[in-house]
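Peer 1: Just passing along the structure, written as structure tokens.
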Protein chains: 2
Amino acid sequence: MTDPLVLFMPSGKRGRFPKGTPVLDAARQLGVYVESVCGGRATCGRCQIEVQEGHFAKHKITSSNDHISARGPKEERYDRVRGLPEGRRLSCSATVEGDLVVDVPQDTVVNAQVVRKDADARHIDRFPAVQLCYVEVDQPDMHKPLGDLDRLKAMLEKDWGWEDLLVSQHLLPQVQKILRKENWAVTAAIHRDLDSSRPTIIALWPGLQNKAYGIACDIGSTTIAMHLVSLLSGRVAASAGISNPQIRFGEDLMSRVSYVMMNPEGRGAMTRAVREAVSGLVGKVCEQAGAERDDVLDAVFVGNPIMHHLFLGIDPTELGQAPFALAVSGAVHTWGSEIDLDINPGARVYMLPCIAGHVGADAAAVTLSEGPHRQDEMMLIVDVGTNAEIVLGNSERVVAASSPTGPAFEGAEISGGQRAAPGAIERVRIDPVTLEPRFRVIGSDLWSDDPGFAESVKSTGVSGICGSGIIEVIAEMFLAGIISEDGVVDGSLAAKSPRVVQTGRTFGYVLSDSEPRITITQNDVRAIQLAKSALYAGTKLLMEKIGADHVDSIRFAGAFGSFIDPKYAMVLGLIPDCDLDKVSAVGNAAGTGARMALLNRNHRREIEETVKRIEKIETALEPRFQEHFVHAMALPNKVDAFPRLASRVTLPERRQQGELELAGAPRRRSREERAARRNRET
Amino acid sequence: MTDPLVLFMPSGKRGRFPKGTPVLDAARQLGVYVESVCGGRATCGRCQIEVQEGHFAKHKITSSNDHISARGPKEERYDRVRGLPEGRRLSCSATVEGDLVVDVPQDTVVNAQVVRKDADARHIDRFPAVQLCYVEVDQPDMHKPLGDLDRLKAMLEKDWGWEDLLVSQHLLPQVQKILRKENWAVTAAIHRDLDSSRPTIIALWPGLQNKAYGIACDIGSTTIAMHLVSLLSGRVAASAGISNPQIRFGEDLMSRVSYVMMNPEGRGAMTRAVREAVSGLVGKVCEQAGAERDDVLDAVFVGNPIMHHLFLGIDPTELGQAPFALAVSGAVHTWGSEIDLDINPGARVYMLPCIAGHVGADAAAVTLSEGPHRQDEMMLIVDVGTNAEIVLGNSERVVAASSPTGPAFEGAEISGGQRAAPGAIERVRIDPVTLEPRFRVIGSDLWSDDPGFAESVKSTGVSGICGSGIIEVIAEMFLAGIISEDGVVDGSLAAKSPRVVQTGRTFGYVLSDSEPRITITQNDVRAIQLAKSALYAGTKLLMEKIGADHVDSIRFAGAFGSFIDPKYAMVLGLIPDCDLDKVSAVGNAAGTGARMALLNRNHRREIEETVKRIEKIETALEPRFQEHFVHAMALPNKVDAFPRLASRVTLPERRQQGELELAGAPRRRSREERAARRNRET
């Protein structure tokens, strides 16, 4: 008779095991990661599984709850003390007694911790670099005078199968007290990242320690965002963000590099500032989740090359000038204590690799999150900031570049531009007949022509226009015929509408006439034209390099991507033609990538290998970039190139003939129309 | 035709290599360690070899200088610039052209550094944990934007065969400046100790760095001794010692443990004190050798368990009470920076394993130095301090114990006792007829009955008696019949000699009657009896454990062993019977063992494996120890047990009959004899 077959879901890994094999052992032997802290003593409750009943034709297996051992005394005790949900089993105690389909739930809740509803609820398979291991250590024996630490290591090797354990130096002075506190029972945190490195005891607690956290942090030039993640359950326990305090040294990256070049102490001050901010954020997320700083055992950081360098204490001067040499491009493994991080003194730090001098660990994290290399379609990822990082590719080939868009998309260098903050215009529509605008501002759900709008923005006013608003107003001006394909504001319309006004030798469009008056000037149009040309030229260059005549999907990463309407981005020619259903904003993908690297060390290897494979294109060295750039200045840069978009938008000439809709956009009726409608109804 | 045969001496390793193979490559392939920093550029001069000419019948090989390539332009250039002695070749440039016997000289002098004549000139094969590697790194390339550090690693892997290099965190902020300073030429220090650990770049210099040092340090309770050793040549560049500043917290180890137990801040203060003293010593040896602290890349420390723990910042309280649990017994690998050592910030530290709670890393170092496990004879190693560490064994089996001798052998608990310092009596002879003593004191070459003696000790006086003096005076008192086999001072002799005096209810012997008067009291005799019984009982117990009825050789380690006369030690019964020619003092064997571990990482593995194998005997748990102890109180404890000694000494009864010589001791004539002789001669 053959041994029972055990199939683990969702991995699909399977194997045959003798009756009586604990399900946890079966999982281990198959390389299925089932958490267990207590080492089979049925006290930590981390190893819960569920049996799926039924016949699984595809796998030729019939699974039943009769095929697993009945609840034993250890599970009964755990159920009494901590509670074990109906249907759940502790895989360390339950044994294989027949064919089984076993589900490894990812939501095992222990300690009834508060669970945060995360916007990005992506499931990440766990295989963290830090593992908790509970052991009961032999007491000292004068006949065999092995040191306390040596007996601890021996027991960890015996009970958990570790080999050649190293120990963090800082534990040496503590090990004797910790071992004696709970009668020689302790929980050790073991760190092992690379298979080729030796596992290391990095932390030690008396008795059973049943919690372990990690942080995933994206250090942006403007904002630092952090998740606190349970390494045992994979859940996000808390998230928080803070402004990057380096802003006081310079708004944009290059001015911070200049600051370092001009001030000998500048590098140190900026490194301290960002490290303090990060440590402050750790305090914030720990407080939110009711965790201790000492429970944080691992940390993953991503950031653009300059943030990456400054955080590590590296002078970024070389990144400010050709050949833009990174001090280190590969993944960095270090200690929290080395970068002044106030977390567990044995905690480790991992930083994702940088792709190039202008394409950093944040872009690597976005790539890891979106995974162009994991699928066959041609995927374009765009992360717009002061520069736009562009990654294009599929499982066969991935190329990447940074395009010098400048800060126009972020509202800088725009006369009425401002950050995306309450009071900023974010949506714009222009009536092609009357040339009258309507808009919405951040902080209000109403359009500017809705009743009560003025009241709703009383506290902020209409203070400026943010990145997504700029994209829309320029696109709408174009669709309304206010600007030509060359980007010139048509001064002749000044006769038709008071909105078109002369400003110096050129014309502008008055979007808001309350105080402050917000006018879109000819210079503003030029700034956006330059930015979008740079972005488009970068994308075009990568498409040429990889030999792609189209892209199958587009992902907008980052805050900018979350707010802009992909259709307007396409009208303006920011991105190439693509089925609009396949264009999506993926929010803080860099944070998601960091979380993946935190929870699964295989994802670390994945992105390290991927970054090695990525072909880096330096736009400054490519003559074709200039050509594409010049060609992309027009609005829109050849509609023929956008067949899928063309079917959904009406271009100026058609619009002015009455085909006024931007297909798919939920057009709101104008005030007049609504007034007319109300009149009809009443 | 077969390839030429190349035989390397003194290792005897051999292999066949195609003509044209650089001799250095042949050495590498055979695992013969030939230093090379410049990587075959013929600039560092570290890879010098010599060809031995002649027919070596035993090896069936005829070697000739015609069988190696003629000096090429690279060697000529090196000879012009730095000088290459006649007969020496640079093995990176010289190629195999026929059968060769190659000598790898251990005295390659580069930089003409001052070489210290070391008392212990033992040759140690080099295979250090730190290696210098010179490389010329590719410049940054925007098309392949690998980081500077990543290109450095790639070149080290390509040129030197390293794999999976790690980098010390502290180098990240420096790497770009260092690489650019000498046009992308740098020397990296790579640390790799265990084969299972990944090699790490721990230091980096612009251009060719052609020096690297390590320190080997023995932290004793009383004295800290340090060697500065060139890792490239193996030479001791400087040595120095200093008093352990912890003495202010307590003379002996147990009083220091008590201090920690009574003072919460005591541990920290003692750790700081010893670390500061060690750092001070580093400065001293560096100054002596003209080296920089930054050139020190590796450090090996040994010490007794309490010093070991305090140096590492570990509370030694557990070592002060049964079961004498060590916090850590295995070898400790750490960083200089972790223990506040002011050397190169990337420098590593290795501490030898401790054998047991009372038998420390210093005893392990002595074992490594003397090597009982490397030979077949039964070797006894005795290191006398406050406790005596005893190691006994051969290649088959090794046992070890600590015996509670107390501090009597060091002059403590003896009425006139003092440290071995100028003014202390160190040699004693007693005329068995007149019972008159003669002695020598440290600081003078004269005996007390020599003319000019008083003048020669004018600056110090005769201030007390040190350990070796005590051994001799008790033995001489016994040989002169002043004390009985039971150790009782014979009061009846007071009638015969004014040297025998009543002190309270017992009698004593006046050794020196100048101020301060030095009297050997009955209590002193008892203290020595107890100490020597403990030592002998420990040895006897180990002999029993291992089943040895005799020992083949005896090594006295440490300062005490360097001063005592083995014959007197045997008369008193400190050590078992042994051929006196096989009894030797080995000086600072702990320092030698530390030096071995510093220069050759195989010696680290050797002592780690040996310590695991050593059977630890806890004397307090052995009933037989008490029995042996009681039996060993008599003086001497059964001469029958010392047949080899018996043939060389005359015991009291024979001595008093006129056979007065202790054979082998260069007896000096008494004053009367010399006076009589002078009278005859004139």
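The values are calculated or read from the model by the stated rules, or taken from the named source; none is laboratory data. All figures in this text were calculated on a predicted structure; none of them were measured in a lab. Backbone-built Cβ (ideal geometry, glycine too); neighbour counts: all protein chains shown.
Peer 1: As an exercise: evaluate residue A:486 against (1) more than 25 Å from residue A:632 (Cβ to Cβ); (2) surrounded by fewer than 24 Cβ atoms within 10 Å (Cβ to Cβ) and give the number of the one condition it does not meet.
Peer 2: Single failed check for residue A:486: (1).
Peer 1: Still on this structure, I have one more. Examine the stretch A:387-402 for a residue that is within 24 Å of residue A:122 (Cα to Cα) and within 14 Å of another protein chain (Cβ to nearest Cβ), and state whether such a residue exists.
Peer 2: yes
Peer 1: Identify the single condition in (1) farther than 18 Å from residue B:312 by Cα; (2) in a loop (DSSP other than H, G, I, E, B); (3) modelled with pLDDT of 95 or more that residue B:322 does not satisfy, given that it satisfies every other one.
Peer 2: (3)
Peer 1: Tally the residues that are within 14 Å of chain B (Cβ to nearest Cβ) and among the hydroxyl-bearing types (Ser, Thr, Tyr), restricting the search to the stretch A:601-631.
Peer 2: 1
Peer 1: Would a scan of the stretch B:188-197 turn up a residue that is closer than 26 Å to residue B:287 by Cβ, away from chain A (no Cβ under 14 Å) and either free of Cβ contacts under 8 Å to residues at least 12 places away in the same chain or within 19 Å of the chain's Cα centre (by Cα) (or both)?
Peer 2: no
Peer 1: All but one of (1) closer than 18 Å to residue A:221 by Cβ; (2) crowded, with 22+ Cβ neighbours inside 10 Å; (3) modelled with pLDDT under 95; (4) in contact with a Pro (Cβ under 8 Å, 6 or more places away or on another chain) hold for residue A:364; state the number of the condition that does not hold.
Peer 2: For residue A:364, the exception is condition (3).
Peer 1: Check whether at least one residue in the stretch B:268-278 is surrounded by 24 or more Cβ atoms within 10 Å (Cβ to Cβ), away from chain A (no Cβ under 14 Å) and of a type outside the set (Val, Ile, Thr), and report yes or no.
Peer 2: Within the stretch B:268-278, not a single residue is surrounded by 24 or more Cβ atoms within 10 Å (Cβ to Cβ), away from chain A (no Cβ under 14 Å) and of a type outside the set (Val, Ile, Thr).
Peer 1: If I filter the stretch B:494-512 for residues that are of a type in the set (Phe, Trp, Tyr) and either without any contact (Cβ under 8 Å) to a residue 12 or more places away in the chain or outside the structural domain of residue B:631 (by TED's automatic domain parsing) (or both), do I get at least one hit? Steps first, please.
Peer 2: Of all residues in the stretch B:494-512, those of a type in the set (Phe, Trp, Tyr) come to B:507, B:509.
Next, only the ones that are either without any contact (Cβ under 8 Å) to a residue 12 or more places away in the chain or outside the structural domain of residue B:631 (by TED's automatic domain parsing) (or both) stay: B:507, B:509.
Looking for residues that are of a type in the set (Phe, Trp, Tyr) and either without any contact (Cβ under 8 Å) to a residue 12 or more places away in the chain or outside the structural domain of residue B:631 (by TED's automatic domain parsing) (or both), one finds at least one in the stretch B:494-512, hence yes.
Peer 1: Report whether or not residue A:615 is under 30 Å from residue A:351 (Cβ atoms) and either among the acidic types (Asp, Glu) or at pLDDT 85 or above (or both).
Peer 2: Considered against the rule, which asks whether it is under 30 Å from residue A:351 (Cβ atoms) and either among the acidic types (Asp, Glu) or at pLDDT 85 or above (or both), residue A:615 comes out as yes.
Peer 1: If you go through the stretch B:554-603 one residue at a time, how many are on the phi > 0 side of the Ramachandran plot and not in a loop (DSSP other than H, G, I, E, B)?
Peer 2: Residues flagged as on the phi > 0 side of the Ramachandran plot and not in a loop (DSSP other than H, G, I, E, B) within the stretch B:554-603 amount to 1.
Peer 1: Now, a different point. So is residue B:448 of a type in the set (Ser, Thr, Tyr) and touching a Ser or Thr at 6+ places or on another chain (Cβ under 8 Å) or not?
Peer 2: In short, yes.
Peer 1: Something else: Could you list all residues from the stretch B:210-252 that are among the acidic types (Asp, Glu), within 20 Å of residue B:588 (Cα to Cα) and out of contact with any strand residue (DSSP E or B) (no Cβ under 6 Å at 6 or more places or on another chain)?
Peer 2: The one that is among the acidic types (Asp, Glu), within 20 Å of residue B:588 (Cα to Cα) and out of contact with any strand residue (DSSP E or B) (no Cβ under 6 Å at 6 or more places or on another chain): B:252.
Peer 1: Is there a residue in the stretch B:330-352 that is touching a strand residue (DSSP E or B) at 6+ places or on another chain (Cβ under 8 Å), more than 30 Å from residue B:204 (Cα to Cα) and modelled with pLDDT of 95 or more?
Peer 2: Taking every residue of the stretch B:330-352 in turn, none turns out to be touching a strand residue (DSSP E or B) at 6+ places or on another chain (Cβ under 8 Å), more than 30 Å from residue B:204 (Cα to Cα) and modelled with pLDDT of 95 or more.
Peer 1: Another question, if that's okay. Those residues that are more than 12 Å from chain A (Cβ to nearest Cβ), within 18 Å of residue B:556 (Cβ to Cβ) and not in a helix (DSSP H, G or I), I need them from the stretch B:338-377; list them, please.
Peer 2: B:371, B:375, B:377
Peer 1: Would you pick out the residues in the stretch B:50-94 that are in contact with a strand residue (DSSP E or B) (Cβ under 9 Å, 6 or more places away or on another chain) and of a type in the set (Val, Ile, Thr)?
Peer 2: The answer is B:51, B:61, B:62, B:68.
Peer 1: If you scan the stretch B:230-255, which residues turn out to be in contact (Cβ under 8 Å) with a residue 60 or more places away in the chain, under 13 Å from residue B:286 (Cα atoms) and in contact with a helix residue (DSSP H, G or I) (Cβ under 6 Å, 6 or more places away or on another chain)?
Peer 2: B:237, B:238
Peer 1: So which residues in the stretch A:27-49 are over 17 Å from residue A:82 (Cβ atoms) and not in a loop (DSSP other than H, G, I, E, B)?
Peer 2: Result: A:27, A:28, A:29, A:30.
Peer 1: Ok, one more. Right, residue B:416: at pLDDT below 90 and more than 14 Å from chain A (Cβ to nearest Cβ) or not?
Peer 2: yes
Peer 1: Just the residues that are more than 7 Å from every other protein chain (Cβ to nearest Cβ), touching a residue at least 40 places away in the same chain (Cβ under 8 Å) and under 25 Å from residue A:293 (Cα atoms), please, taken from the stretch A:308-335.
Peer 2: A:308, A:310, A:311, A:331, A:333
Peer 1: Go through (1) at pLDDT 90 or above; (2) farther than 30 Å from residue A:410 by Cβ; (3) surrounded by fewer than 21 Cβ atoms within 10 Å (Cβ to Cβ) and name the single condition residue A:640 misses.
Peer 2: (1)
Peer 1: Could you say whether any residue in the stretch A:419-438 is small (Gly, Ala, Ser), free of Cβ contacts under 8 Å to residues at least 40 places away in the same chain and closer than 30 Å to residue A:501 by Cα?
Peer 2: no
Peer 1: If a residue has to be in a loop (DSSP other than H, G, I, E, B), within 14 Å of chain A (Cβ to nearest Cβ) and under 18 Å from residue B:346 (Cβ atoms) to count, how many in the stretch B:124-178 make the cut?
Peer 2: Counting residues in the stretch B:124-178 that are in a loop (DSSP other than H, G, I, E, B), within 14 Å of chain A (Cβ to nearest Cβ) and under 18 Å from residue B:346 (Cβ atoms) gives 7.
Peer 1: Output the residue which, of all residues in the stretch B:13-26 that are within 10 Å of residue B:92 (Cβ to Cβ) and assigned to a helix (DSSP H, G or I), is nearest to the chain's Cα centre (by Cα). Let's see the steps before the verdict.
Peer 2: Keep residues of the stretch B:13-26 that are within 10 Å of residue B:92 (Cβ to Cβ), which gives B:22-25.
Now restrict to residues that are assigned to a helix (DSSP H, G or I): B:23-25.
Numbers: B:23: 35, B:24: 32, B:25: 34 Å.
That would be B:24.
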